[in-house]
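Reviewing the structure listed below.
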Amino acid sequence: MKILVTGGCGFIGANFVKHLLKHTDHSVINFDKLTYAGNAKSLRDISDSKRYKFIQADIADAVAVNAVIAEVRPDAIAHLAAESHVDRSIDGPAEFIQTNIIGTFNLLNAASTHCKQLSAREQEAFRFLHVSTDEVYGSLGETGLFTESTAYDPHSPYSATKAASDHLARAWKTTYGLPVIVTNCSNNYGPYQFPEKLLPVMIIKCLREEALPVYGKGLNVRDWLYVEDHVSALTVVLDTGIPGETYNIGGNSERKNIDIVKAICRIMDELRPRKSGNYADLITYVSDRPGHDFRYAIDSTKIKHELNWYPQHPLEISLKKTIQWYLDNEFWWQDILNGTYKLERLGI
């Protein structure tokens, strides 16, 4: 297939593009605006591939979206482009509305027009994969899991805009017949993650021997999903998922935030010991994020049973692998920190 991937220079997008080129025969057209979190260097090792093409454009620009889809004529669209950082959405929700809602609307409109121009056989094969988050479901208590039928209850500007885009995607399936599939995933971690998220922030601050800021008491719980498991799931959904269906993708790895931070400290003590003391000595508790959801946990039963996908990367092993990647690829994240982003806290 010829797959148009939006947001292919972002964290999950870059890993997805690499996975498609390595494990399938598909060709990839990467449609990315190159915002602060989009990094073309993440794909420099595959940039010369004959099955890869990059187009810089903004999904919030309807004219550009229509032009790109008309030019590319894709067999499938995998929509990963999004503003994604909760703290940043608290400070500046307008950008999230433009990208996550208006951008998704533009893509759905253009994809619908494109799909109607295809032959009957091509229409049957076409897919629009809409990639979303478990944060749209809101917050869980001590027990329970998010399923595909869990009611939406978003609490941040980020999750609200993703919830809106999910509803739009499903509406384009039922109203216009666009073969949409929606996925909702848990917290991703792995290589090429922009250093505003928990893992890269803690790793880099350890290296700099700076305070490790933990929100509240660090008791909030997340289900951690290694990015390679996530993109393998997206590939399976794109190839064998059923239009109109939703698939939850989780890592079966629930951990309190403080336990993740302490695990990072232990691994850093092993891989890059401090001259004196342990990295855990740097942990500092700070005021909590406004509206911080207590717990997320994904039930992945449906995708396991129906599409035979299972996570393959245990948290403890992949966490160490991720930390080693940041140690080995300082050039990648140091270039980011040499710009305008300085690991400062947002969303206070």
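Taken together, the values in this text are just the output of simple stated rules run on the coordinates, not laboratory data. On a predicted model such as this, the values are computed, not experimentally measured, just so you know. FYI the Cβ positions are ideal-geometry reconstructions off the backbone, even for glycines, and counts take in every protein chain you see.
Within straight cross-link reach of LYS18, meaning Cα distance under 24 Å, which lysines are found once same-chain residues fewer than 8 apart are removed?
Cα-Cα hits under 24 Å: LYS2, LYS33, LYS41, LYS50, LYS53, LYS197, LYS304, LYS320, LYS321.
Starting from the 7 Å offset along Cα-to-Cβ, what nm value, one decimal, do you get for the label separation of HIS167 and GLU71?
Calculated label separation equals 3.4 nm.
Indicate the gyration tensor shape class of the stretch 90-179 (rounded, prolate or oblate), computed on the Cα atoms with a ≥ b ≥ c the square roots of the eigenvalues: a/c under 1.5 is rounded; otherwise a/b larger than b/c is prolate and the rest oblate. Don't jump to the answer; show the numbers that get you there.
Numbers: a/c = 3.57, a/b = 1.65, b/c = 2.17.
Since a/c reaches 1.5 but b/c is at least a/b, the shape of the stretch 90-179 is classed as oblate.
Find, among the trypsin sites (Lys or Arg not before Pro) in the stretch 107-196, those assigned to loop by DSSP (not H, G, I, E, B) with at most 14 other beta-carbon atoms within 10 angstrom. Each step should come with its number before you reach the end.
Values: sites: LYS116, ARG121, ARG127, LYS162, ARG170, LYS173; in loops: none.
Nothing satisfies the criteria.
What residue among GLY241, GLY251, GLY92 shows peak mean-square fluctuation when the chain is described by a Gaussian network model with Cα springs under 10 Å?
So, out of GLY241, GLY251, GLY92, the one fluctuating most is GLY92.
Between TRP325 and ARG266, what is the spin-label point distance in nm, taking each point 7 Å from the Cα along the Cα→C-beta axis?
Label-label distance for TRP325 and ARG266, simple model: 2.2 nm.
Would you mind checking the stretch 194-237 for residues with the amide N under 13 Å from a putative spin-label position 7 Å along Cα→C-beta of GLN334?
208
Rounded to two decimal places and with Rh computed the Kirkwood way over Cα pairs, what is Rg over Rh for the stretch 209-348? All intermediate terms of the calculation are to be shown ahead of the outcome.
Details: Rg = 17.8 Å, Rh = 17.5 Å.
Ratio of gyration radius to Kirkwood radius for the stretch 209-348: 1.02.
Using Cα atoms only, what is the angle between the long axis of helix 11-23 and the major principal axis of the chain, expressed in degrees (0 to 90) to the nearest 10?
For 11-23 against the chain, the angle is about 60 degrees.
Per 0.36 nm of contour for each residue apart, how much would the distance between ILE317 and SER49 grow if the chain were fully extended, relative to their Cα-Cα spacing?
Values: separation 268, 0.36 × 268 = 96.48 nm, distance 3.05 nm.
Stretched out fully, the ILE317 to SER49 stretch lengthens by 93.4 nm.
I need the peptides 73-81, 40-48 ranked by packing, meaning the mean over residues of other C-beta atoms within 10 angstrom, with the highest value on top. Intermediate values should be presented prior to the final figure.
Numbers: 73-81: 23.0, 40-48: 14.7.
Order by mean packing, descending: 73-81, 40-48.
Report the semi-axes of the equivalent ellipsoid for the stretch 154-220 in whole Å, largest first, where each axis is √(5λ) for an eigenvalue λ of the Cα gyration tensor. Intermediate results must be reported in sequence, preceding the final value.
Values: eigenvalues 257, 41, 15 Å².
Semi-axis lengths for the stretch 154-220 are 36, 14, 9 Å.
Just to be sure I follow: if Rg is taken over the C-alpha atoms of the chain and Rh is the Kirkwood radius over the same atoms, what is Rg/Rh? Working shown, then result.
On the way: Rg = 19.7 Å, Rh = 20.6 Å.
Ratio value, two decimals: 0.96.
For ASP288 and THR143 in one chain, what is 0.36 nm times their gap in residues minus the Cα-Cα distance, to one decimal in nm? Could the numbers behind the result be given before it?
Numbers: separation 145, 0.36 × 145 = 52.20 nm, distance 2.19 nm.
Value of the extension gain: 50.0 nm.
Please work out the FRET efficiency for the pair TYR152 and LEU118, using the Cβ-Cβ distance as r and a Förster radius of 41 Å; give the result to the nearest 0.05. Working shown, then result.
On the way: r = 32 Å, r/R0 = 0.77.
Computed FRET efficiency for TYR152 and LEU118 comes out at 0.85.
If you count, for each residue, the other Cβ atoms within 10 Å and average over each peptide, how do 130-138, 22-30 line up from highest to lowest?
Working: 130-138: 24.3, 22-30: 16.9.
In decreasing order of mean packing, 130-138, 22-30 become 130-138, 22-30.
Nearest 10 degrees is fine. How inclined is helix 257-271 to the longest principal axis of the chain, computing both from alpha carbons?
70 degrees
Can you check how the C-alpha radius of gyration of the stretch 182-279 compares to 2.2 N^0.38 Å, as a plain ratio?
Values: Rg = 16.3 Å, N = 98, 2.2 N^0.38 = 12.6 Å.
Scaled against compact globular proteins, the figure is 1.30.
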